[in-house]
Amino acid sequence: MSGIDYSKWDKMDFSDSECDSSDDDRDNDFPAVTRLDEPSSVTYSQNGISVKPQVSVEIPSRQDGAEKNSSKSPPEQSTTMPIPIQSSKTKSGIDIITKNGGRFIDPVTSKDVVYWSQDRNEVVVSILFDHKSIESRNIRLDVRGALNYGDRHSAVGEDKGNLKISVVEAGGGNKDTLPLEIFEGRLAYSIHYAEGEDDLDWEIMTTSEGSKLIRVTLLKSVPMQGLTIWWNRPFLHFPMIDVVSDIEGRGPSLGDTIGSGSDNKKSQHEEWKKTWDEAHDSFRDKVKNRVKEVIHLPE
């Protein structure tokens, strides 16, 4: 090994190049970091970078403070949404869960309260339940008759389906004393699943008073694309509302007296509905009596 000459490495410089540069040069080599202690908006322009804190605006909606669940995945726990139910100061809270809908007391139990609201595309049903004896994780939702997403614009037929909410097992108490069925009803109108889904969206929501609601979202199906159907009730055993006067923007608000102008509008609506029902019946008869033709293809 004595034949190897190591002298060629004696004059090599292994020092850090940054050590030879000035402090200013080193500062330019590293990025400047600005810590944002709150939600802010950052704007890049010719004048440089400006950072402004964002102003948070709380918009009440059915998603606030709630975690969605499918019927096969019951909620593990509920969160709080400031919608009081029984206080005299809670008119705005009631308005949210009954907008374009109403409030219903089940005649069978005479105590189960159901709220429902709607817009052009969906209906949200809110059902109070006894959360002290029923654990949220034991609640199951079963629906029959909902259309697939691709069939949402072809809702025809008399049977609209059925919705059932039940308890599958007791949560630490006596199983015999727990109600096994929370709610059941036949749908008054056709509904459909969301795109790519085969279950309804539902959630458990806690009010500011400590009560709990099961909120089920029903997506509206229509006979043809472009139609908007305002429901007069979500289930057949519910009382019907006036879709002319009780829908926001279509007439007097809930509880107002309907005047002569509204009577004319109501009669026009009834006439239009009658014409639509006759056309719908005629279409069903044509489909039912359609004669099949055999087409021979050349071999």
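Here are a few things to note about the model shown:
- Surrounding net charge for Arg284, when Lys and Arg each add one and Asp and Glu each subtract one, Cβ distance under 14 Å: -3
- Of the peptides 115-128, 220-233, the order by per-residue mean of other Cβ atoms within 10 Å, starting with the highest, comes out as 115-128, 220-233.
- Where labels lie 7 Å past Cα in the beta-carbon direction, separation of Leu236 and Ile49 in nm: 6.5 nm
- Asn121/Lys286 FRET efficiency (R0 35 Å; Cβ-Cβ; nearest 0.05): 0.75
- Packing, as the average of other Cβ atoms within 10 Å across residues, places the peptides 153-163, 277-287 in the order 153-163, 277-287, highest first.
- Difference of contour (0.36 nm per residue) and Cα-Cα distance, Trp272 to Met224: 15.7 nm
- Gain in span if fully extended, Ala194 to His296, counting 0.36 nm per residue against the direct Cα distance: 32.7 nm
- Restraint check, Lys160/Lys274; Lys99/Lys212; Lys132/Lys160, Cα-Cα greater than 31 Å: Lys132/Lys160
Every read-out reported here was derived from the displayed coordinates using simple, explicitly stated rules and does not represent laboratory data. The structure presented is a predicted model; accordingly, all values stated were derived computationally and were not measured. Glycine also receives a Cβ, built like all others from the backbone with ideal geometry; neighbour counts cover every protein chain displayed.
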